[in-house]
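Here, each number is a calculation from the coordinates, and none is a lab measurement. Model, not experiment: these values are computed from the prediction. No Cβ is skipped: glycine too gets one built from the backbone with ideal geometry, and neighbour counts run over all protein chains shown.
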Amino acid sequence: MDNQFISLSSWPRAILHLDADAFFASCEQAIHPELRGRPVITGKERGIVAAASYEAKARGVQRGVRLSDVKKICPDAVILPSDYETYSLFSVRMFEILRRFSPDVEEYSIDEAFVDLTGLRRSFHGPYEMIAAKMQETIQQELGLSVSVGVSLSKVLAKIGSKHSKPHGITMIPGRDVHLFLERLPVEKVWGIGPNTAAFLNKCGITTALQFARKDGAFVKKYLSKPYQEVWNELNGRSVYPVKTETKNGYQSISKAKTFTPASADESIVFAQLAKNLENACIKARRYRLAATRVIIFLRKQDFTGSGVELKLSRPTAYPVELFELLRRGFRQLYQLKTLYRQTGVVLAGLIEEKGMQYSLFDDTTKIEKMAKIYESVDLISQKYGKHTIQHAASLPTKLQAQHEGARGDIPVRRAILLKGENKRQRLKLPMLHVKV
Amino acid sequence: MRTNTVFLKVVYSPEDLAVLVGPGGVIRDASITMPQSYRVLGLVEAGFPSPAEEELRDTLSLDEFLIQNPDACFLLKVSGDSMTGAGILPGDLVIVDRGQTGKSGDIVIAEVDGEWTMKYLKKSGDSVYLVPANPSYKPVKPKHELKIAGVVTAVVRKYK
């Protein structure tokens, strides 16, 4: 039975998943060619590894490891502060290059994309593998970035493909080969299957992705909820997750978290950091015309342990002024005296669209309208003069102290260069190559 | 809605009934009774006409003028003086197109035997040289390896 094909037809659909290899670190190597072939790590400002180049990974450096530990296992590692402006420029370009090949590109994350290639063989006069290779080659040539791609019948299968051979791999999984790839894949490695579901499946005697795919529909319907039924279909080569081409215009939640150095035990500073995260999250929510019904806040101590609390709102809002009192109450629950904190975070959840908002009889609508006007002005001023030109007093202490002091306060090279005509906030929209010629 | 294309002619009948005539002269709205004769009064555009927009359609922004392939272009700040003869001075910004591999005569950014440089690329027969535009430097002939990172397509010097 295990030799049975999942699909007799090789390419009823062709969905490509592209995953950039060690994206942040590769961007750094692309703009600093002298770093090619060397172990490069980003995340200096956070004190932990955000991304490690393949050279660093080969030396045992993993994501999330503390930088002090990195220096022990890989003393010659080049550790850089994250330069999100440059990474974003590369990301946008990567998606633009993909759109040269197909109009159906889903920007899944900063370094991942899905592309629907179905039906494009004729216009490219070649097989899907050739199109995939051409994409990979173009991104390598024009951006100097290495990417891995997988092509198969559904998103879940394509994702298995892109992981299969990394870095710089191309993995084709046509219908008749699907079972060969699923055979050796533990079921918990399938995209969308979490540890709990995997544990449950293991109890049912399912350990590999193939065993799961071969389970009959009745079992799947009876014991698993809809998302897993969908994964099951996708594993069987029946594409149910479409490639979503529209750029993101909605969010289910918005989270903002920032680490600061040195860690602080000062209540007003820690609260100010939290307040600033709230301001930032609300700015983003307002940009997408969303309002939150729940707010989750968390504090992380110097020893990396943390605690959080969820606050429910009586009315959806994206105006910090209305939330500070609640924020302070939540903060008091979490904050412990004489404890060093290194990070705070805010998550706006239960987001609803502003225009569909309903007020209750007891809401003071004139006040709300006034607030809306004030924030509209604040956002306009920010657009013109930069974020936090006007800020709430609660977050003021963050202005008195740099986000990171000491070595961690190093800023990315690009931010240290100010070309004539550029200002602190606005820079040319081109990545800079840093070579001495 | 505002478009720039003229998609319909509006024809007025003697009774001042507006009738829409498509490109092939087909009457689109059949519910309007056919009058005896038509008098064409002129063309009406959908939306307000904008003469400026019409005239400026075939112009380039400075961005488009300097950058042909926006996905593959990078900025590079020049520090050396080996290309002063080509008008590239220390402190200038050059735009480097990584999508191009370089033809003879192009100014390229290249890695020669482990050293980065900006020079003219000269190819003659099988041999490849990198030629500076400054008499105090000598042409370079790669001993082991030559990697071309991109082609210089423009130089930007801002005075104020």
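Odds and ends about this structure:
- The GluC sites (Glu not before Pro) found in the stretch A:327-416 that occupy coil by DSSP, while having at most 16 further C-beta atoms within 10 Å, are A:GLU405.
- Estimated 222 nm signal from helices in the protein assembly as shown, with DSSP H stretches of n ≥ 4 weighted -39500 (n - 2.57), rounded to 500: -9000 deg cm²/dmol
- 27 Å Cα-Cα threshold exceeded, pairs from A:LYS71/B:LYS119; A:LYS355/A:LYS384; A:LYS71/A:LYS166; A:LYS244/B:LYS147: A:LYS71/B:LYS119; A:LYS244/B:LYS147
- Rounded tilt (10° steps) of A:155-164 against the dominant C-alpha axis of chain A: 90 degrees
- Overall form of the stretch A:306-395 per C-alpha gyration tensor (a/c, 1.5; a/b vs b/c): oblate
- Top of A:PRO195, A:PRO167, A:PRO186 by mean-square fluctuation, Gaussian network on chain A, Cα under 10 Å: A:PRO195
- Loop-resident chymotrypsin sites (Phe, Trp or Tyr not before Pro) (DSSP state other than H, G, I, E or B) in the stretch A:219-321 with no more than 13 further Cβ atoms inside 10 Å of their Cβ: A:PHE304.
- Long-range HN-HN contacts of A:ILE6 with modeled amide H, under 5 Å: A:VAL178, A:HIS179
- For the stretch A:99-193, applying the loop criterion from DSSP together with a ceiling of 14 other beta carbons within 10 Å to the trypsin sites (Lys or Arg not before Pro) yields A:ARG184.
- In summary, the lysines within cross-link reach of A:LYS301, defined as a Cα separation below 16 angstrom excluding same-chain residues under 8 places away, comprise A:LYS258, A:LYS338.
- Listed values for the stretch A:21-34 are Karplus-derived 3J(HN,Hα) couplings in whole Hz (6.51 cos²θ - 1.76 cosθ + 1.60, θ = phi - 60°), namely 7, 6, 3, 4, 5, 5, 4, 4, 5, 6, 8, 10, x, 5, and x replaces Gly and Pro.
- Each residue of the stretch A:274-285 is assigned a 3J(HN,Hα), and the resulting list reads 5, 5, 5, 4, 5, 4, 4, 5, 5, 4, 5, 4 Hz, derived from the Karplus form 6.51 cos²θ - 1.76 cosθ + 1.60 (θ = phi - 60°), x at Gly and Pro.
- Considering only A:ILE297, A:ILE411, A:ILE390, the mean-square fluctuation computed in a Gaussian network model of chain A, springs between alpha carbons under 10 angstrom, is largest for A:ILE390.
- Structural descriptor for chain A: relative contact order 16 percent, calculated from alpha carbon pairs under 8 angstrom and at least 6 residues apart.
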